[in-house]
Every structure is written in structure tokens, then in C-alpha cells.
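Have a look at the structure below, then the notes.
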Amino acid sequence: MLPIRKVTLRELRLPLVEAFAISTGTQAARRILLVEVTDAEGASGWAECVAPEHPNYLPETIDIAWLSLQEWLVPHLLSSGVAAPAPASRLLASVVRGHRMAKAALEMALWELEARQQGVSLSRLLGGTRAQVETGISIGIQSDPETLARKAQRHHAEGYRRIKLKIKPGADVRYVAAVREALGDEAPLSVDANASYRRNDVEALRALDRFGLAMLEQPLGWDDRRQHAALQAELRTPICLDESIRCLEHAQEAIELQSARIVNIKPGRVGGFGAAQAIHDLCQRHGVAVWCGGMLESGIGRAHNVALASLPNFVHPGDISPSRRYWERDIVNPEWTMANGVVDVPVHEPGMGVRVDLDRVDDLSVRQQVLDATAPRSRS
Ligand SMILES: [Mg+2]
């Protein structure tokens, strides 16, 4: 790959079409950090950092990620002359511990650039084999079971292949019962607790077994794999881990302990596509199914998720809703659309397969910083 000449960081504010509530908080707008890497000939690769505003998913936040990129990750990358994603990832891992969402954004932008340079789709560069990916939807916590059931019914009718309900203690069994009743026994349904239960809540969680859920996602602590193993042994419903799997070693441990039968892979959470591929391959060898979760991404992050979800062991529908589910207007062209519950993988387009709407990105940007190889910390 050609050397990287500059890296541009931008922060955007995109209002959500509807506020999204999970067990740890509610979001009405999304602060989005975009990373653009530009090579010596002026070609660009784009990615989106999934770090949220508050540390209520994992410790990392958008402000911490910005600082990490600006102060350490981008200067190290630019001064090294490394441009290919795998060596870049090794370099960043050797000089900065943690900060996986920030590292992922930079690494994934390099992948996108490499795909463009090679004239292949990001999906195929990653080893994707599908031309379409099945789409599920995640519904935030609602005020009451009836409201949730109505929303679930509407989204089910829209064609989503799996309905996921956010739950927390006190907003669980009655809510799930109402949705199961409204959708019928056959509709694929799952729940996500975002680490809001404790080990002694097993009775409440066991009560979910009767709903035939496809999975119970991250019921216990965000950094736990051991207690999940004990819980899985007591439940029929497959446990899926999300927050607890932030690197390949966590996935190895979860497989050894039998903490989960399913893993939700978000490339931003695990440090990028290289780690996502490794976890995908490991899970495939051990018969553990994976799927691609969402982090309220704009069309850029969505493009990366679509590419990843085209890999063969992504056997459950991903949280890859079309653009209109979240945004009045996306920041890419064409916007992401869904038909009959599937999203097309742009396998014939180089790179991520959608164009960044630069005018809209400029309009929405609230801060921007250009870091270049000669003066890594110069401000624009
Ligand atoms: Mg989750």
C-alpha cells in the first residue's frame, strides 16, 4: 500500500429519528467520530468510531477516542510509514493498550482504503461470501409492554428477520410475553440486557426460557465470562456475549468456559476487522455462531458492518437496519435500504460501496482535525 499522507478526524452530530433506550441510558442524538485516511496519491478510506458519548456501554467514549487518535494512534501510524491494516494493527497494539474503538476506526479506514486501491469490495477483501445479509432490528426499552408489542409488530411486518428487545430488571418478562403473544410462536425473537442482571437474578432469567428466544444477550457483567458460564448451564436459552468479548483472548476464554453459545461481533468493540475475522474463525471452528450487532452507526459504520456480516459464520441476522430506521437523511449515497428483510452487500463496488456525502458531512461537522505525516499534530 502507498504511505498514508494524512488522517482527518471529524465529529458530527446526527439527531436520531427516535430516542433509543437501553438498560444503562437513553440517546436522542448521536455524536459520530469519522476517520478519513488519505494516501500519497490522494485516495481516501473512511471509517466510523463506534464509541458513544457516555461510558455506559464500555469505558471508552467518543472524547476519549478522539484524544487517543489525535495524541497517540495517528502520530504513531504516520511516523511509522505503515499503511497496511494488519501491520498497522500490530504496531498500534504494541504502543497503546486498550482504546480498541479508536484503534478499530483507524484500522478499518485502512481496510477501506486498501479495498479501493485494489479495486475490490471491502466485503470480498475481508473474505465475505454473501451477496445479501439478513437484517434484524433492535428495539429500545419502552414505557410499557403494550407499546413495545405494537412496535415489534410494526417492525415484524416491515420484514425484519429477527426482533431484538432491550430489557432490564423490571422491564423483562411481561414485556417479552406481550411481544411473543403479538408476534406468535414462530417469529425469531431475542433479548439484550446490556449487563443489567446479577448472578442471583437467575429466576427472572430462567422465566425467559419459556419464550423460545433465539438468544439472551449479555445478561451479566460487562467484563464477565465466568459467571455467564455458570448461568448458561442453568438456562435453555442460548447466551450471547457482546460487551464481554473485546478481543480474541476473551472469545477463547468464553469458548473454554462455555460462557455462551453465540457471540455478537462488533468490529469497533474488538479493535477492528483483523480481530473480528480472528474471532469469527475461532468461533466457526468451535461451532459457535456469530452475528453482527449495531452501535447506532451512520451509513459509514453500517457499510463496514454489512461487509463483515457477509462472512460465512455470520448465521444470525445482524442489527443492520436501513438508514431510515435511525436518520432523516444519512451521510452516504446511496442510503442503506432493506427489502424483504435483507440488505444487499455492494460486492461490485470498490471499497465500502457507498459514497460519503462530503457536503452533508461538512454541514454536520462540529470539529475537525487534520493530522499529517510532516506535522502530525497540526490543527486545521
Ligand atoms: Mg448488545
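Before moving on, here are some points about what is shown:
- Residues of the range 243-260 that are away from the ligand (no atom under 13 Å from the Cβ) and closer than 23 Å to I22 by Cα: S259 alone.
- Within the range 289-326, the residues that satisfy the criterion of being in a loop (DSSP other than H, G, I, E, B), surrounded by fewer than 22 Cβ atoms within 10 Å (Cβ to Cβ) and more than 16 Å from the ligand (Cβ to nearest atom) are P312, N313, V315, P322.
- Selection status of V290, farther than 22 Å from P15 by Cα, outside the structural domain of A28 (by TED's automatic domain parsing) and touching a residue at least 40 places away in the same chain (Cβ under 8 Å): no
- Residues being farther than 14 Å from E134 by Cα and aliphatic (A, V, I, L, M) - total across the range 318-355: 5
- Residues located in the range 214-237, provided they are among the aliphatic types (A, V, I, L, M) and within 13 Å of the ligand (Cβ to nearest atom): M215, L216, L220
- All conditions but one from (1) within 16 Å of the ligand (Cβ to nearest atom); (2) touching a strand residue (DSSP E or B) at 6+ places or on another chain (Cβ under 9 Å) apply to F211; the one that does not is (1).
- Those helices (runs of 4 or more DSSP H) lying entirely in the range 8-113 with at least 1 residues under 24 Å from G221 (Cβ atoms) and aliphatic (A, V, I, L, M): 62-68
- The residue list A93, A43, A65, A84 contains one member that is touching a residue at least 40 places away in the same chain (Cβ under 8 Å) and touching a Cys at 6+ places or on another chain (Cβ under 6 Å), which is A65.
- Count of residues meeting criterion [assigned to a strand (DSSP E or B) and within 20 Å of I279 (Cβ to Cβ)] in the range 114-163: 3
- Scanning the range 261-271 for residues that are among the β-branched types (V, I, T) and either in the same structural domain as K103 (by TED's automatic domain parsing) or more than 12 Å from the ligand (Cβ to nearest atom) (or both) gives a single hit, V270.
- Against the numbered list (1) modelled with pLDDT of 95 or more; (2) of a type outside the set (S, T, N, Q); (3) closer than 29 Å to R261 by Cβ, E335 comes up short only at (3).
- Residue in the range 173-193 that is surrounded by fewer than 22 Cβ atoms within 10 Å (Cβ to Cβ), within 16 Å of the ligand (Cβ to nearest atom), small (G, A, S) and not in a strand (DSSP E or B) present: no
- Any chance V202 is away from the ligand (no atom under 16 Å from the Cβ) and crowded, with 19+ Cβ neighbours inside 10 Å: no
- Test: residue in the range 345-362 that is part of a helix (DSSP H, G or I) and among the aliphatic types (A, V, I, L, M): yes
- Among the residues of the range 264-288, the ones that are crowded, with 21+ Cβ neighbours inside 10 Å and in a helix (DSSP H, G or I) come to 11 in all.
The values are calculated or read from the model by the stated rules, or taken from the named source; none is laboratory data. Remember, predicted model here, so these are calculated numbers, not experimental data. Quick reminder, even Gly has a Cβ in these numbers, built from the backbone with ideal geometry, and neighbours come from all protein chains shown.
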